[in-house]
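Q: Encoded as structure tokens, here's the structure I'll be asking about.
The values are calculated or read from the model by the stated rules, or taken from the named source; none is laboratory data. Every value quoted in this text rests on a predicted model; they were computed, and no experiment measured them. Don't worry about glycine lacking a Cβ; one is built from the backbone with ideal geometry, like all the others, and counts go over all protein chains shown. For accessibility, only protein heavy atoms count, side chains too; no ligands or nucleic acids. Shrake-Rupley method; radii C 1.70, N 1.55, O 1.52, S 1.80 Å.
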Amino acid sequence: MTAPVPDRDVLRRLAAEPAVMLAAGRALLLQVAQPAVARGVAEHSDMRDRPLDRLFGTLDFLAIVAFGAPDEAERLGRGIRRLHERITGPGYSGNDPDLQVWVNATLTDAALYVHEEILGSPGGDLSGAYVEQARYVADVLGCPPGAQPADLAAFRAYMDRMIGSLEVTDDGREVARAVLRARKLWWLWPGLWLFRFITTGVLPPRVREQYGLPWGPRRERFLWFLLRTGAFCYRLVPGPLRRAGAPLALWRARRRMARRARRSADAAARAAA
């Protein structure tokens, strides 16, 4: 199935902003607050042992879908759909359209959160166009036409409904611990502390409480002092300069994808020998 390729100008513009990474943890913890997603990740992901590989894999997929050629995105989507066929278990499937919609919605939500809440919508109101164009990410993975929210209002209603219904399970809390306190990355502890602090603070309160993450008014004030100070300095940098790293991100994504393809081919050849 070939996903129709939309105009990607706004998708690319927001995806190229380095600041969107501030809400990466929000997206992931919202994903695994959905019990079926949490179980699939807990039973099939090697996130605990290879956290950076998992992170780069996700970033590479998003870079190619946003900035790469349509045929690259389609090839990558076919490969991920084949991989997802093996991710099955009680109550979940990697190619479940409802789960695809939810995972993509958390990524869209994260970008909008940074754009609207942290940066204060620099460059105008792009939210509606971004929601429409970001549907392409799930389309590449084979999400059925019409399954995703059709516009910004529908997207807001969908997110409100989903966040109000999420129930964090033990699987979700286990994944959250692996993400927020990655033992393999102990040498990055200052960055991990900041990542953990920001992720905890930008989660919806209901979800944060279910994860059992401590928070309070003093931490809230300190978080927004940091974010607003950082956003002020960030906006002083001209937009084209902030987004100049997108071609490099695409180049690195292509190289890593090519290496993974070679390793897979070598493993298949050894298995067949």
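Q: Against the conditions (1) open to solvent by 80 Å² or more (accessible area, probe 1.4 Å); (2) closer than 30 Å to A69 by Cβ, where does R228 fall short? Just the number, please.
A: Among (1) open to solvent by 80 Å² or more (accessible area, probe 1.4 Å); (2) closer than 30 Å to A69 by Cβ, R228 violates only (2).
Q: With (1) open to solvent by 50 Å² or more (accessible area, probe 1.4 Å); (2) over 18 Å from L30 (Cβ atoms); (3) modelled with pLDDT of 95 or more; (4) of a type outside the set (K, R) as the list, and W215 as the residue in question, which single condition is left unmet?
A: The single condition W215 does not satisfy is (2).
Q: Does V101 satisfy the criteria of being within 19 Å of G142 (Cβ to Cβ) and either touching a strand residue (DSSP E or B) at 6+ places or on another chain (Cβ under 7 Å) or modelled with pLDDT of 90 or more (or both)? Give the steps one after another, and end with the answer.
A: Numbers: within 19 Å of G142 (Cβ to Cβ): yes; either touching a strand residue (DSSP E or B) at 6+ places or on another chain (Cβ under 7 Å) or modelled with pLDDT of 90 or more (or both): yes.
So V101 fits the description; yes.
Q: Something else now. Give me the pairs: first residue in region 159-170 and part of a helix (DSSP H, G or I), second residue at pLDDT 95 or above and open to solvent by less than 40 Å² (accessible area, probe 1.4 Å), beta-carbon distance under 6 Å, and six or more apart or on different chains, which are they?
A: What qualifies is M159/D109; I163/P204.
Q: Is it the case, given these coordinates, that E209 is in a helix (DSSP H, G or I), in contact (Cβ under 8 Å) with a residue 12 or more places away in the chain and not hydrophobic (A, V, I, L, M, F, W, C)? Reasoning before the result, please.
A: Working: in a helix (DSSP H, G or I): yes; in contact (Cβ under 8 Å) with a residue 12 or more places away in the chain: no; not hydrophobic (A, V, I, L, M, F, W, C): yes.
No, not satisfied.
Q: So R252 passes all but one of these: (1) open to solvent by 90 Å² or more (accessible area, probe 1.4 Å); (2) closer than 29 Å to R54 by Cα; (3) touching a Leu at 6+ places or on another chain (Cβ under 8 Å). Which condition number does it fail?
A: Result: R252 passes all but (3).
Q: Please state which of the following conditions L194 fails to meet, knowing it meets all the rest: (1) out of contact with any helix residue (DSSP H, G or I) (no Cβ under 8 Å at 6 or more places or on another chain); (2) in contact (Cβ under 8 Å) with a residue 24 or more places away in the chain.
A: With respect to (1) out of contact with any helix residue (DSSP H, G or I) (no Cβ under 8 Å at 6 or more places or on another chain); (2) in contact (Cβ under 8 Å) with a residue 24 or more places away in the chain, L194 is out only on (2).
Q: Next question, about the same structure. Got at least one residue in region 233-240 being open to solvent by 100 Å² or more (accessible area, probe 1.4 Å) and touching a residue at least 24 places away in the same chain (Cβ under 8 Å)?
A: The answer is yes; a qualifying residue exists.
Q: Please enumerate the residues belonging to region 133-165 that are surrounded by fewer than 19 Cβ atoms within 10 Å (Cβ to Cβ) and among the hydrophobic types (A, V, I, L, M, F, W, C).
A: Those that are surrounded by fewer than 19 Cβ atoms within 10 Å (Cβ to Cβ) and among the hydrophobic types (A, V, I, L, M, F, W, C): A147, A150, L152, A153, A154, A157, M162, I163.
Q: Pick from region 171-189 the residues that are in a helix (DSSP H, G or I) and open to solvent by 70 Å² or more (accessible area, probe 1.4 Å): which of them is modelled with the lowest pLDDT?
A: Let us first name the residues in region 171-189 that are in a helix (DSSP H, G or I), namely 171-180, 183-189.
The next check asks that each one be open to solvent by 70 Å² or more (accessible area, probe 1.4 Å); those that pass are 177, 183-184, 186-187, 189.
On the way: R177: 91, R183: 76, K184: 73, W186: 67, W187: 71, W189: 79.
Out of the qualifying residues, it is W186.
Q: Can I ask one more? Just the residues that are open to solvent by 40 Å² or more (accessible area, probe 1.4 Å) and either under 13 Å from G201 (Cα atoms) or touching a Gly at 6+ places or on another chain (Cβ under 6 Å) (or both), please, taken from region 20-38.
A: Within region 20-38, just L22 meets the criteria.
Q: Of the residues R156, R81, only one is modelled with pLDDT of 95 or more and part of a helix (DSSP H, G or I); which? Show your work before the answer.
A: Numbers: R81 fails: modelled with pLDDT of 95 or more.
Going through R156, R81 in turn, just one is modelled with pLDDT of 95 or more and part of a helix (DSSP H, G or I): R156.
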